[in-house]
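Contents: one structure, followed by commentary.
None of the figures in this text is laboratory data; all of them are computed from the coordinates on show. None of the values given here were measured: they were computed from a predicted structure. Cβ atoms come from the backbone with ideal geometry, glycine included; neighbour counts cover every protein chain shown.
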Amino acid sequence: MRTIILFISLIFTISSTAQTKNCDIIDYEIKNDTTDFKKTMEYLFVEKSYPNSIESVYLSLIKSDGLSLIQLQYLQKDSNFISASCVDQKSMITFQLLNGAIVNFRHANTDYCNSLSYDPEQKANIRILSTYFQIQKDDFKRLKESPISVMQIRFQNNTKTFEIEPKIESKVVEETYTPNTYFMQNLHCIE
């Protein structure tokens, strides 16, 4: 009898622990009578650093009144001119998972192009594209099942494909990231 009670207690403890995963990546949250909004901190997925240029992709998860979104921030910094990156209704992010599954996210915003700015101190051109892509309910399960191997961003005027590394040691923000398991570790925060 003691063994059965001990076994049930153990199962209950494991089950409770598994259901209360840590969400320390939440950047801010608003919940009141009219608004239910939650956003995670930006997370580095890609960092390509060259002698005269840097290219980075950050993603964050958003839950806004029942709608699940990915916020994409595509940053480019170069001493040479940088062509504009634009998104429209045909734009999407595609993730290929290690198990072979493919997950697509459609652009959820209006047509938009990043603007060019100049950093006179570093003598560099800068472009930042910040936009949103919608996560479908069916995609949650697939994203939790397997790490990401490839991310493709289809812009209005071109397509960028990035291999997603298991670990990135950022030279720019001097932190370590594990982007290939990001969804497996953090999607529960916006469910």
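Work out the FRET efficiency for residue 117 and residue 52 from their Cβ-Cβ distance, taking R0 = 25 Å, and round it to the nearest 0.05. Mind dumping the intermediate values first?
Numbers: r = 17 Å, r/R0 = 0.67.
With R0 = 25 Å, the Cβ-Cβ based efficiency is 0.90.
Cα convex hull of the range 37-191: how many Å³ per residue? Write down the numbers at each step before the final one.
Details: hull volume 17.9 nm³, N = 155.
So the per-residue Cα hull volume is 115 Å³.
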Q: Return the loop-located GluC sites (Glu not before Pro) in the range 26-134 (DSSP other than H, G, I, E, B) with at most 15 other Cβ atoms within 10 Å of their own Cβ; answer none if there are none.
A: 121
Q. Between the DSSP loop rule and a limit of at most 16 other Cβ atoms within 10 Å, which trypsin sites (Lys or Arg not before Pro) in the range 47-112 are left?
A. 90
Q | Label-point separation, residue 29 to residue 142 (7 Å along Cα→Cβ), nm | A | 2.8
Q: Compute the relative contact order of the range 45-191 as a whole-number percentage, counting only Cα pairs closer than 8 Å that sit 6 or more residues apart in sequence.
A: 24
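Normalised by the residues of the range 109-166, what does the relative contact order come to in percent, with Cα pairs under 8 Å and at least six apart? Provide the component values of the computation, followed by the final result.
Numbers: 42 pairs, mean separation 11.7, N = 58.
After rounding, I find 20 percent.
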**Q.** Whole-number D in µm² s⁻¹ for the range 64-116, Kirkwood Cα-pair radius fed into Stokes-Einstein, 4 °C, 1.567 mPa s
**A.** 95
